[in-house]
Amino acid sequence: MSGFTRDEMRMVRDKEFYPAKAEIIRKFNREFMGLRDLLRTECQKNFQQAGPAGCDFENGQLVKGERFQDFPYVYLDFPKYFSKDEMFTFRSFFWWGHALFFCWFLSGPSLDEYKKRVQECVAAISRQAVFISTADSPWEWSLEKPHAVFLDHTSEESLKIILKDLSFLKLGCSLSLDLLETEDAIPREGLRIFRLLKPIVR
């Protein structure tokens, strides 16, 4: 068996990375909780009736993990509803080294209505680099083809064809991690994108 490389040994000896990583994760927890509070207030403005019975408009769920395709992650689901047959969730997702995502997961009895509203709102939302997942699973986060399409690069006729075959609707925005250098970036941008996509969900 070969020995560890020089780069591997440098990382093995590094005592600073993991304390710094823990503090970064704590910051994401605080930022996402700040966003949760803003979204809770936003949802109290005549929006709670949009969700299915039993939808969580109070607490949501904050999750952190170490290995999504070998990278750490933190996400917030708020509002949140998952059942065997229906999804109604706004997910704010940080994927270490990749991007920030803010998107809706939608399926169930109202899916056709959501698809119709996407087509009605496309002119307003396509200026914001909104993507729609075309992956087989809502848990796929790659935005490369064939996993996703961007509305600003999709004709109305093509969009109609794409939507027709989807068994769930996952749409939102991906933002560069450079945004994190700006104060309150996660609460501000999360709320902005929630409001941008709100007409689809109503």
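The values are calculated or read from the model by the stated rules, or taken from the named source; none is laboratory data. A quick note: this is a predicted structure, and the numbers were derived from the prediction, not measured. Positions of Cβ are generated from backbone atoms using ideal geometry, with glycine treated the same way; all protein chains shown enter the neighbour counts.
Summary of values
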{"item": "Residues within segment 72-99 that are out of contact with any strand residue (DSSP E or B) (no Cβ under 8 Å at 6 or more places or on another chain) and of a type in the set (Lys, Arg), tallied", "result": "1"}
{"item": "Among (1) under 27 Å from residue 181 (Cβ atoms); (2) among the basic types (Lys, Arg); (3) surrounded by fewer than 15 Cβ atoms within 10 Å (Cβ to Cβ), the one test that residue 91 misses", "result": "(3)"}
{"item": "Only one of 80, 64, 84 that is more than 18 Å from residue 108 (Cβ to Cβ) and either among the basic types (Lys, Arg) or surrounded by 14 or more Cβ atoms within 10 Å (Cβ to Cβ) (or both)", "result": "64"}
{"item": "Residue among 59, 29 that is of a type outside the set (A, V, I, L, M, F, W, C) and either under 17 Å from residue 101 (Cα atoms) or over 18 Å from the mean Cα position of the chain (by Cα) (or both)", "result": "29"}
{"item": "Only one of 64, 21 that is basic (Lys, Arg) and either more than 28 Å from residue 183 (Cβ to Cβ) or outside any strand (DSSP E or B) (or both)", "result": "21"}
{"item": "Options 171, 159, 143, 175; residue that is within 15 Å of the chain's Cα centre (by Cα), of a type in the set (A, V, I, L, M, F, W, C) and at pLDDT below 95", "result": "143"}
{"item": "Selection from segment 25-43 of residues that are farther than 17 Å from residue 190 by Cα and surrounded by 14 or more Cβ atoms within 10 Å (Cβ to Cβ)", "result": "25"}
{"item": "Qualifying residues in segment 1-18 (those that are surrounded by 10 or more Cβ atoms within 10 Å (Cβ to Cβ) and in a loop (DSSP other than H, G, I, E, B)) - the one nearest to the chain's Cα centre (by Cα)", "result": "14"}
{"item": "Filter result for residue 46 (surrounded by fewer than 20 Cβ atoms within 10 Å (Cβ to Cβ) and at positive phi)", "result": "yes"}
